[in-house]
1. Do you know which of the residues in segment 16-42 that are aliphatic (A, V, I, L, M) and touching a strand residue (DSSP E or B) at 6+ places or on another chain (Cβ under 8 Å) is surrounded by the most Cβ atoms within 10 Å (Cβ to Cβ)?
2. Could you please give the count of residues in segment 94-106 that are in a helix (DSSP H, G or I) and buried (at least 17 other Cβ atoms within 10 Å of the Cβ)?
3. Just the residues that are among the polar types (S, T, N, Q) and more than 19 Å from Lys158 (Cβ to Cβ), please, taken from segment 110-128.
4. How many residues, within segment 47-59, are surrounded by fewer than 16 Cβ atoms within 10 Å (Cβ to Cβ) and either of a type outside the set (Lys, Arg) or part of a strand (DSSP E or B) (or both)?
5. Within segment 60-72, count every residue that is surrounded by fewer than 17 Cβ atoms within 10 Å (Cβ to Cβ) and within 14 Å of the chain's Cα centre (by Cα).
6. Working only within segment 1-46, note down all residues that are assigned to a loop (DSSP other than H, G, I, E, B) and not polar (S, T, N, Q).
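What follows is calculated from the coordinates using simple rules that are stated; it is not laboratory data. Since we're looking at a predicted model, the values are computed, not measured. No Cβ is skipped: glycine too gets one built from the backbone with ideal geometry, and neighbour counts run over all protein chains shown.
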Amino acid sequence: MRLSVIILIACLALFNLAYFAVKTTQVVAEHKRRNADIASEFVQQYIPRGSKVIGDPLYYYAVTENGSSYHYYDLYNTLEKREAALRQQYDYDYMIVSGVSLARNPSISEYFLSKAKLDSVASLNIPQSKIATVLNKLGIISSMEASGYNCTLYKRVK
């Protein structure tokens, strides 16, 4: 009985160490894609200060630190009511569709794209490292690691 408990604890410890090693390797290999400065530079280049922007939480700080306001398009109320309120009351200028948002729930951006005239302004695409590509194929990384700060920026035609 005691030997089986020791073996079980050893297996759990080995699993945890292996998982820690994989995640640490992944974070180090993907440092460039996870760098928030890339998002900030993208926003500064394409979104004028004072703009009204919508998107998921990933770009919140990059947009607000650049002097624009930001509302989440994926939180609170129903999708239909959110879209109508953001378009009619908030009267947004730009929409950022991140890779994270597309991985988690692509129907949100699809719905917004169907309700307003939006022109694609720019895309940010940072390639995955070889390590991340392998880990992504195995299905053991989150949507943030799978896409980093990749996004497409749309300007609303009013």
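1. Ala39
2. So the answer is 4.
3. Across segment 110-128, the qualifying residues are Ser123, Asn125, Gln128.
4. Going residue by residue through segment 47-59, those that are surrounded by fewer than 16 Cβ atoms within 10 Å (Cβ to Cβ) are 48-50, 57.
Subsequent filtering for residues that are either of a type outside the set (Lys, Arg) or part of a strand (DSSP E or B) (or both) retains 48, 50, 57.
Residues in segment 47-59 being surrounded by fewer than 16 Cβ atoms within 10 Å (Cβ to Cβ) and either of a type outside the set (Lys, Arg) or part of a strand (DSSP E or B) (or both): 3 in total.
5. Total satisfying the criteria: 3.
6. Hits for segment 1-46 are Met1, Glu30, His31, Lys32, Arg33, Arg34.
Here is a yes/no grid of residues against (1) touching a helix residue (DSSP H, G or I) at 6+ places or on another chain (Cβ under 6 Å); (2) surrounded by 14 or more Cβ atoms within 10 Å (Cβ to Cβ); (3) touching a residue at least 60 places away in the same chain (Cβ under 8 Å); (4) not in a helix (DSSP H, G or I):
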| residue | (1), (2), (3), (4) |
| --- | --- |
| Asp74 | yes, yes, no, yes |
| Tyr92 | yes, yes, yes, yes |
| Ser114 | no, no, no, no |
| Val121 | yes, yes, yes, yes |
| Leu135 | yes, yes, yes, no |
| Tyr149 | yes, yes, yes, yes |
| Lys155 | no, yes, yes, yes |
